[in-house]
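Visitor: This structure is in structure tokens; I'll ask about it shortly.
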Amino acid sequence: MFRLKRMISIVFGAILLASLVLGGSALAKGEKSVQLHLTPSRDSGVSGKATLTDVEDGVKVELHMQDLPEAGVKHINHIHGGGTCADDRDGRTAPVTIPLNTVVADDDGTGSATTTIKDVTLEKLLGDDQHRFILLHAKVKEGQGVPPGISCADLPQKSTNTTFENLPSSGGMPPTALLVFPLVLLAATTSATLMVLRRSA
Ligand SMILES: [Cu+2]
């Protein structure tokens, strides 16, 4: 009887641990992310990919550019608010709302930068309070202000852009489904254990 009880507590402990691990990873997988494609502006030929991911302390923005015109050149880039890429291409750009880390062109024309924007969520960034876009600029020339945009991507808006639902999300199953599974497992084991206990008592 004593050994049985010890065995049961070990099994319980293991299941509890498994539930916590499964539940934890489920929450981590609940992270949302969207991937955007930057397309050339002003015949620059420069394109790229931006991945925005919800992280613990904000939103991580990973920018990977290609076909940059000149190695070693620094390209400032920002999230602009209150307009679209089309506006920028028409010469009516919107103000910078969030500066991002500068992209430096490599020898092969690629360039990357990662920025974590603090105290914001993806939900908020994709909110419909204003249009937003990511804009990468041409080489900064001395005495000139912010150089023209050469590559741009509009941030999708949750409520107005129906394709948002179709954007790839890093989460597989919804976190709730993954949390339910260990709980069901725990409940099943508990009742099975109680049955064993009753039979052996
Ligand atoms: Cu800008």
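Read the figures in this text as sums done on the coordinates, not as results from a lab. What you see is a predicted model; the values in this text were computed from it and never measured. Methodologically, a virtual Cβ is constructed for each residue, glycine included, from the backbone with ideal geometry; neighbour enumeration extends over all protein chains shown.
Visitor: Rounded to whole Hz and in sequence order, give me ³J(HN,Hα) for the range 105-113 from the Karplus expression 6.51 cos²θ - 1.76 cosθ + 1.60, θ = phi - 60°, writing x for Gly and Pro.
Guide: 6, 8, 4, 8, x, 9, x, 9, 7
Visitor: State, to one decimal in nm, how far the label point of Val184 lies from the label point of His37, with both points 7 Å from Cα in the Cβ direction.
Guide: 3.9 nm
Visitor: Hey, fewest Cβ within 10 Å first, where do Glu70, Glu142 land in order? Intermediate results must be reported in sequence, preceding the final value.
Guide: Details: Glu70 10, Glu142 4.
In order of increasing Cβ crowding within 10 Å: Glu142, Glu70.
Visitor: Given H placed on each backbone N at 1.01 Å, which residues far from His75 in sequence or on other chains put an amide H within less than 5 Å of it?
Guide: So His75 has HN proximity to Val103, Val104, Ala105.
Visitor: In addition: Residues with beta-carbon under 12 Å from that of Ile134, excluding Ile134: net charge, scoring Lys, Arg +1 and Asp, Glu -1?
Guide: Details: positive: Lys49, Arg132; negative: Glu62, Asp88, Asp154.
Residues near Ile134 contribute -1 overall.
Visitor: Per-residue HN-Hα couplings for the range 185-192, Karplus 6.51 cos²θ - 1.76 cosθ + 1.60 at θ = phi - 60°, whole Hz, x for Gly and Pro?
Guide: 4, 5, 4, 4, 5, 4, 5, 5
Visitor: Could you list Ile150, Ile76 so that the one with the fewest beta carbons within 10 Å of its beta carbon is first and the one with the most is last? Walk me through the numbers before you get to the answer.
Guide: On the way: Ile150 25, Ile76 18.
Exposure proxy ranking, most exposed first: Ile76, Ile150.
Visitor: For Ser47, enumerate residues with amide H under 5 Å from its amide H, sequence gap 5+ or separate chain, H modeled in the peptide plane.
Guide: Gln66
Visitor: Given R₀ = 45 Å, what would the calculated FRET efficiency be for Glu123 paired with Met7, taking r from the Cβ atoms and rounding to 0.05?
Guide: Working from the Cβ atoms, E equals 0.45.
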